[in-house]
Amino acid sequence: MKENSASEAADESWDLVIESSGRKTYLNLGEVFRFKDLLFLFVKRDFVTFYKQTVLGPLWFFIQPLLKVTIYYVIFARIADISTDEVPPILFYLTGLTFWEYFASCWKKISETFLENQHIFGKVYFPRLVVPLSVMISNGIKLGIQFLLFAAFWAYYRYAGFDITLQPELLLLPAYILIIALLGLGSGLIVTSLTTKYRDLKFLLETVIQLLMYLSPILYPLSLAEGVFRKILLANPMTAVLEAIKYSFLGTGVFSWTYLAYSLGFSVVLVLTGILIFNKTERNFIDTV
């Protein structure tokens, strides 16, 4: 009997062993790639639930930016009479807003990762980083859809005779979007990690995003900013990207390799920091949420 028990113990093997890494901080990106099927499943979930049980469905992808642009046009173009560098105000606002919304939606949605998915995280094991990455990708799909609206307005004003021309820097559009995605991902990972202990941040975030929008050249051109205010705007990593996008599509704005390098470096440091904090938090967050 003893020999049989020893033999069974020796032959016993496990399909999967989950154990502590022993390191306090790690990126763990290889494991995320192994769960790529789950990643795309979450992408589909996020995309479908956006318009589920709504009457207008996917039309909201177009209605929301149109409503915002209309409000901005009435307040900032008609009432405040703020210059848009001779670009039609609606097209000017839509250019910045289309890409800003991608950043803001990534930041806001990813910041809810731990609180919104604690019922899943407490029952099933998978790399938690899959969830925020799926948000970044699903919002990227929404960006692609809303870009069609922007393209339609751009074509209308172009053929209506307005002086707007595409620039060679438009070839860098994937790089612009990547920087925006990294900024949204990194910001969201840091906030969701902190909100496991400090719930107050959840209520403060909306105000911070709104304030940062007004500190970005979306409703006004960077050319209007002078002195200290201009330095504050340029310290915002979204400024260089938004200005480069406006320059690429409209032929107006500030395109600077130096400013873009700053935004890229800031986004890389931010997302790496966010991943490290996120992976460290996920080990014991279930005890604090």
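The values are calculated or read from the model by the stated rules, or taken from the named source; none is laboratory data. All values reported here derive from a predicted model rather than from experimental measurement. As a convention, Cβ positions derive from the backbone with ideal geometry for all residues, glycine included, and neighbour counts pool all protein chains shown.
Quick notes
- Filtered residues of segment 214-246 (kept if under 23 Å from ALA175 (Cβ atoms) and loosely packed, with under 15 Cβ neighbours inside 10 Å): ALA235
- Matching residues, segment 150-208, being touching a Lys or Arg at 6+ places or on another chain (Cβ under 8 Å) and charged (D, E, K, R): GLU206
- GLY265 being loosely packed, with under 14 Cβ neighbours inside 10 Å, under 23 Å from the mean Cα position of the chain (by Cα) and at pLDDT 90 or above: yes
- Some residue of segment 142-149 being charged (D, E, K, R) and surrounded by 15 or more Cβ atoms within 10 Å (Cβ to Cβ): yes
- Residue list for segment 150-179, filter: of a type in the set (Phe, Trp, Tyr) and either touching a strand residue (DSSP E or B) at 6+ places or on another chain (Cβ under 6 Å) or more than 25 Å from GLY140 (Cα to Cα) (or both): TYR157, TYR159, PHE162
- Per this entry, LYS108 is not counted among residues that are charged (D, E, K, R), modelled with pLDDT under 95, under 21 Å from the mean Cα position of the chain (by Cα) and more than 30 Å from PHE278 (Cα to Cα).
- Any hit, segment 17-40, residues being among the β-branched types (Val, Ile, Thr), part of a loop (DSSP other than H, G, I, E, B), at pLDDT below 90 and farther than 30 Å from ILE277 by Cβ: no
- Scanning segment 164-196 for residues that are surrounded by fewer than 12 Cβ atoms within 10 Å (Cβ to Cβ) and either touching a residue at least 60 places away in the same chain (Cβ under 8 Å) or aromatic (Phe, Trp, Tyr) (or both) yields a count of 1.
- Per-region count, segment 268-277, residues of a type in the set (A, V, I, L, M) and either surrounded by fewer than 16 Cβ atoms within 10 Å (Cβ to Cβ) or free of Cβ contacts under 8 Å to residues at least 60 places away in the same chain (or both): 3
- Of the numbered criteria (1) modelled with pLDDT of 95 or more; (2) crowded, with 21+ Cβ neighbours inside 10 Å, the one LEU250 fails is (1).
- Exclusive hit being under 29 Å from LEU211 (Cα atoms), surrounded by 12 or more Cβ atoms within 10 Å (Cβ to Cβ), touching a Ser or Thr at 6+ places or on another chain (Cβ under 7 Å) and modelled with pLDDT of 75 or more, set THR113, THR95: THR113
- Put simply, of GLY122, GLY161 the only residue that is over 27 Å from LYS197 (Cα atoms), at pLDDT below 90 and surrounded by fewer than 18 Cβ atoms within 10 Å (Cβ to Cβ) is GLY161.
- The conditions of being among the aromatic types (Phe, Trp, Tyr), buried (at least 17 other Cβ atoms within 10 Å of the Cβ) and either modelled with pLDDT under 90 or in a helix (DSSP H, G or I) (or both) are not met by TYR156.
- Of the helices (runs of 4 or more DSSP H) lying entirely inside segment 204-289, the ones with 2 or more residues being closer than 19 Å to SER105 by Cβ and touching a helix residue (DSSP H, G or I) at 6+ places or on another chain (Cβ under 8 Å) are found at 237-250, 257-281.
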